[in-house]
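A.B. asks: Supplied in structure tokens, the structure appears directly below.
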Amino acid sequence: MAAEAKSGKLPEEERHRLTALEGLAALSLDALSSVAYGPQAILIVLATAGAMALHYTLPVTLAIVLLLAVLVTSYRQVIEAFPTGGGAYAVSKAHLGVRPSLVAAASLVVDYILNAAVGVSAGVEALTSAYPALYPDRVYLCLAVLGFITAANLWGVAESARLFIAPTLIFIAGIFAVIVGGLLRSHPLPFPQGSVSSVPVTVGILLLLRAFASGCSALTGVEAIANAVPEFRQPRARRAQHTEVGLGVILGLMLIGIAVLAQKYHTYPSSTTTSLAQLTQASLGHNFFFYAIQLVTTVLLALAANTSFGGLPVLASLLATDNFLPHLFFLRAQRQVHRYGVVVLAVVAAVLLVVSKGNTQALIPVFAIGVFVGFTLSQAGMVRHWRANRQPGWEGRAVINGVGALFTLAALAVELISKFTEGAWLIVIVVPLLVLMFSRVHVAYARIGTALQIGRQPPPPRPRSSLVVVPVGSVSRLTAEAISAALSLGDEVVAVTVCYAEPEDTTADAHLREQWEAWHPNVPLITLHSSRRALGPPVVNFLRELEQAASYDQLVVLIPEVQPAHPWQRVLHNQRGFVLEQAIQHGTRNVVICRLRYQLATMTTLPEDEGAIGPG
């Protein structure tokens, strides 16, 4: 690896993985773009207590940044301890047990899906706010944006990340330009002010906790880097740690800077203008830079869904590895893409967007709750991790994780209580259902493993007497290939054909027998008579009779089929092989089915009949 790095050449597999900068673009958009709505969420809650309560914006933000620092520190350690990825799921499985790990996985799955839907709908909502004529088409716009992000991720993880580097860097530069401009300007430029009650209301601990919990929506996505460590280039853990720290520093400075400006300029919540837009206009003016920052914010909000596409497929892959999801989710495509995880995420997010009609507020009540479940379990698991390993300085690290667990647990409780009637009750239902699904999949795989005796040494192989049954409909090149293959498979071979009651079918059967006798393949041909035009029942009844006779250890049915040279040509051929396979699977118990697909391109002459079973 070192020599390849010095020569500037990377293995094919490594080229399709993420650098630290690409990881920031691919996995941090959710957290970075949250500065567009996280601080505003704090202002909205505090504004209910009057103008004086808005002075608590900065202290609440500092508490959130403190929690961010704890989470970044914790997830840096998670990355080091669990370089195979998985984040809260991996930590919980190792130190809290299977059931808590499934709860963590289920909550993260819910959060990833909601993040994809909320990110897309929020971006489109910002677009339709600037261009109201597009509002009736918001659902189609949401699906189009989701389709673009899905296509980019199916193209490749690193390839999609490169598409997002430029808007990510522009967004970061724009936000810092707003902060620096606002700090240097002594008098704000005119900007639309919201309205807030001037009547003083007591600011209690519950209100501050609600503001803290609402503002913690800015922390969604912090865990995505730890979940997707396998997506980084070598050394994977170190690159992921650098990306995690970079995200924490940038996001923390952004949140503090915006909170300072909001307090300096006495920014109030407005129903028509976001807090970020107010601060941008106050700092830079209503000019080209204002519109540029609003545009890139819109793009980043929409692309924030990409964090889910970077994290959920890897999490699903780990669940599949542990037999809690179908093994399809473990498979990777050519460019290191977990294709099935990407597609399932896109489909479910699309359903949510259609059901909610692209309305972000319909999804917000259950957004960010699931991630706090993962935060809490991950922090608690890391406390157990330090107590078990007892490395130098483990006490201080355990205290940091323990305090973080208490903070995130408090935020989770406040979120659930304050938003329960608004839709948060769905989390209480969906997460247990997902855990139940994971458990049922695991039980199914356990039964399969028991039946196959996986992990045990099987008895020595021994030859079995076998009879191969070949369904035929004509004498052709395909039939000859099928009989030849059958003779190499079994001790005895028999060909069968189905004859129906109509006179023309009887004539066709007689003609087939004449051809068979003239061909003389040294394989008997048995005619199965049927009173109705159904291919499966007569063949299944014949196989059942053979099973009852028990003359052979194994029965094999070899079904000859044509494999067209081009995919579109499949519609030109009948599907009787598939029909027959389904009938045998459901009608017999111990019959082995083998479908012989013969390439047309390999045949020197094309048969007139493709070997269809039955006359005609």
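A.B. asks: Could you check how many residues of the stretch 122-137 are modelled with pLDDT of 85 or more and in contact with a Ser or Thr (Cβ under 6 Å, 6 or more places away or on another chain)?
C.D. replies: 0
A.B. asks: Quick check on my filter: what residues within the stretch 382-431 are free of Cβ contacts under 8 Å to residues at least 24 places away in the same chain and within 25 Å of the chain's Cα centre (by Cα)?
C.D. replies: Residues satisfying the conditions are Trp425, Val428, Ile429.
A.B. asks: Further, regarding this structure: Output yes when any residue across the stretch 246-260 is touching a strand residue (DSSP E or B) at 6+ places or on another chain (Cβ under 6 Å) and closer than 30 Å to Pro83 by Cα, and no when none is.
C.D. replies: no
A.B. asks: I'd like the full set of residues that are touching a helix residue (DSSP H, G or I) at 6+ places or on another chain (Cβ under 9 Å), modelled with pLDDT under 85 and of a type in the set (S, T, N, Q), limited to the stretch 535-563.
C.D. replies: The one that is touching a helix residue (DSSP H, G or I) at 6+ places or on another chain (Cβ under 9 Å), modelled with pLDDT under 85 and of a type in the set (S, T, N, Q): Gln563.
A.B. asks: Note down all Cβ pairs under 7 Å where the first residue falls in the stretch 504-517 and is touching a residue at least 40 places away in the same chain (Cβ under 8 Å) and within 20 Å of Ser531 (Cβ to Cβ), the second is of a type outside the set (Val, Ile, Thr) and not in a helix (DSSP H, G or I), and they're at least six residues apart or on different chains.
C.D. replies: Asp505/Cys499; Asp505/Pro615; Ala508/Pro615; Ala508/Gly616; Asp509/Cys499; Asp509/Pro615; Leu512/Ser474
A.B. asks: Take Leu96 and tell me if it is modelled with pLDDT of 85 or more, within 17 Å of the chain's Cα centre (by Cα) and either more than 28 Å from Thr280 (Cβ to Cβ) or not assigned by TED's automatic domain parsing to the domain that holds Ala277 (or both).
C.D. replies: no
A.B. asks: Still on this model: Given the conditions (1) buried (at least 21 other Cβ atoms within 10 Å of the Cβ); (2) modelled with pLDDT under 85; (3) over 23 Å from Leu300 (Cβ atoms); (4) of a type outside the set (Asp, Glu), and given that Met52 satisfies all but one, which numbered condition is not satisfied?
C.D. replies: With respect to (1) buried (at least 21 other Cβ atoms within 10 Å of the Cβ); (2) modelled with pLDDT under 85; (3) over 23 Å from Leu300 (Cβ atoms); (4) of a type outside the set (Asp, Glu), Met52 is out only on (1).
A.B. asks: How many residues does the stretch 278-295 hold that are surrounded by fewer than 22 Cβ atoms within 10 Å (Cβ to Cβ), of a type in the set (A, V, I, L, M) and touching a helix residue (DSSP H, G or I) at 6+ places or on another chain (Cβ under 6 Å)?
C.D. replies: 1
A.B. asks: Six or more apart or on different chains, Cβ atoms under 7 Å: show the pairs whose first residue is in the stretch 91-117 and farther than 15 Å from Leu315 by Cα and among the basic types (Lys, Arg) and whose second is part of a helix (DSSP H, G or I) and at pLDDT 90 or above.
C.D. replies: Final answer for the pair search is none.
A.B. asks: Same structure, new question: Read through the list (1) within 43 Å of the chain's Cα centre (by Cα); (2) modelled with pLDDT under 80; (3) surrounded by 14 or more Cβ atoms within 10 Å (Cβ to Cβ), then give the number of the only condition that Pro615 fails.
C.D. replies: Condition not satisfied by Pro615: (1).
A.B. asks: Filter the stretch 495-523 down to residues that are in contact with a strand residue (DSSP E or B) (Cβ under 7 Å, 6 or more places away or on another chain) and in a loop (DSSP other than H, G, I, E, B), then give me how many there are.
C.D. replies: Count: 1.
The values are calculated or read from the model by the stated rules, or taken from the named source; none is laboratory data. Computed from a prediction, not measured in an experiment: that's the story for all the values here. Note that we place each Cβ from the backbone using ideal geometry, even for glycine, and neighbour counts take in every protein chain shown.
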